[in-house]
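Have a look at the structure below before the remarks.
The values are calculated or read from the model by the stated rules, or taken from the named source; none is laboratory data. The structure presented is a predicted model; accordingly, all values stated were derived computationally and were not measured. Don't worry about glycine lacking a Cβ; one is built from the backbone with ideal geometry, like all the others, and counts go over all protein chains shown.
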Amino acid sequence: MNDHALYDVFKATLFRPAVKYVFRAKAVGEQNIPPTGGAILASNHIGEVETFATPALIERRMTYPAKAELFRGDRGLVSKLLAWFLKAVGQVPLDRSGGRNSVDGLGPILDALRGGDLVGIYPEGTRSPDGRLYKGRTGVARMALMTGVPVVPVGVRGTAFVKKGPIKWVDHPVAVIGKPLDFSAYQNQADDRAVLRWVTDEIMYQIMLLSGQTYVDAYGSSVKSGSLTTAEADGRVKARPGGGPAPAVAGAPPVS
């Protein structure tokens, strides 16, 4: 049985019934996802269930990059099972060590996008520490510009576990799917840091509009690590990510 078949089996028999009938989740705007071809589904990240809830709610098969170390299966039986599952359903490894390794490690994801896959990305790079939307990392922009695929913004709500009596539960989560964003005009500027930041901020702005979250102009990982206090994060609240003028397209004539 190939990875597509296993993906469909797990989705139909386990994840979709749990998400739709137990959590009572729904997707709004699924028609905005291109029916074929490579595309990036870029979402906010506030709860653990999003990695299986969103794929379960939509018809297209999704590929999620997962930490490369999870594919090794070298930390006991549970890690072996997890590594088998990730490989069995066709997910791809992502090197998050930083620097050149992370850029080089995009290879499997770029191959998936060029091969016509729908790839799910959390631009914040981590779950929100407090429910707010944090600054996006530019990897999502780099992937879009290196492949020329559209970016579909998603705002999820209600996916964090909340206390319901003696248990924690997720109740009626919603994934709101926006219209595709086309950055193909900047496809030959994937190494321009200013362009990468502008594209990332535009993606995060659309996610903010869809999710209704407050935006904090700082990385969520900084709050989680303690290098940025909650009070300092409060001081970095902004009306929106970025907001500057669009950068010039390389090779285009200057605007008079």
Discussion item. Restricting to region 176-222, name every residue that is of a type in the set (A, V, I, L, M) and at pLDDT below 95.
Written reply: 190
Worksheet, complete the sentence: Per the filter on region 173-187, residues in contact (Cβ under 8 Å) with a residue 60 or more places away in the chain and either touching a strand residue (DSSP E or B) at 6+ places or on another chain (Cβ under 9 Å) or part of a loop (DSSP other than H, G, I, E, B) (or both) are 173, 174, 175, 176, 177, 178, 179, 180
Worksheet item: How many residues does region 41-80 hold that are modelled with pLDDT under 85 and in a strand (DSSP E or B)?
Response: 3
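Given the options 218, 160, name the one that is out of contact with any helix residue (DSSP H, G or I) (no Cβ under 7 Å at 6 or more places or on another chain) and either surrounded by fewer than 20 Cβ atoms within 10 Å (Cβ to Cβ) or closer than 30 Å to residue 20 by Cβ (or both). Explain how you work it out, then say what you get.
Working: 218 fails: out of contact with any helix residue (DSSP H, G or I) (no Cβ under 7 Å at 6 or more places or on another chain).
Only one candidate qualifies: 160.
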Fill in: Check on residue 233, in a helix (DSSP H, G or I), over 19 Å from the mean Cα position of the chain (by Cα) and closer than 28 Å to residue 175 by Cα
yes
Practice prompt. With the condition kept exactly as written, say whether any residue in region 227-235 is in contact with a strand residue (DSSP E or B) (Cβ under 8 Å, 6 or more places away or on another chain), within 30 Å of residue 27 (Cα to Cα), surrounded by 13 or more Cβ atoms within 10 Å (Cβ to Cβ) and in contact (Cβ under 8 Å) with a residue 12 or more places away in the chain.
Written response: no
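Provide a single number: the residues in region 130-151 that are among the basic types (Lys, Arg) and assigned to a helix (DSSP H, G or I). Steps first, please.
First pass over region 130-151, keeping only residues among the basic types (Lys, Arg): 132, 135, 137, 142.
When the remaining residues are screened for being assigned to a helix (DSSP H, G or I), the result is 142.
Qualifying residue count for the region: 1.
Name the residue that is surrounded by the fewest Cβ atoms within 10 Å (Cβ to Cβ), counting only residues in region 105-127 that are in a loop (DSSP other than H, G, I, E, B) and more than 15 Å from the chain's Cα centre (by Cα).
Going residue by residue through region 105-127, those that are in a loop (DSSP other than H, G, I, E, B) are 105-106, 115-117, 122-127.
Filter once more, keeping what is more than 15 Å from the chain's Cα centre (by Cα): 105, 115-116.
Numbers: 105: 18, 115: 10, 116: 12.
Per the stated criteria, the residue is 115.
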Practice prompt. Go through 227, 221 for me and flag whichever is assigned to a helix (DSSP H, G or I) and either among the aliphatic types (A, V, I, L, M) or farther than 16 Å from residue 144 by Cβ (or both).
Written response: 221
Worksheet entry | Every pair of residues 6+ apart whose Cβ atoms lie under 7 Å, when the first sits in region 149-172 and is under 29 Å from residue 39 (Cβ atoms) while the second is at pLDDT below 75 and in a loop (DSSP other than H, G, I, E, B) | 170/161
Worksheet item: Which of the residues that make up region 17-40 are within 12 Å of residue 180 (Cβ to Cβ) and either among the basic types (Lys, Arg) or part of a helix (DSSP H, G or I) (or both)?
Response: 31, 32
Response to the item:
Those residues of region 236-249 which are surrounded by fewer than 22 Cβ atoms within 10 Å (Cβ to Cβ) and either among the β-branched types (Val, Ile, Thr) or under 21 Å from residue 120 (Cα atoms) (or both) amount to 237, 249
Worksheet entry | Conditions (1) more than 15 Å from the chain's Cα centre (by Cα); (2) under 30 Å from residue 250 (Cβ atoms); (3) not small (Gly, Ala, Ser): number failed by residue 170 | (2)
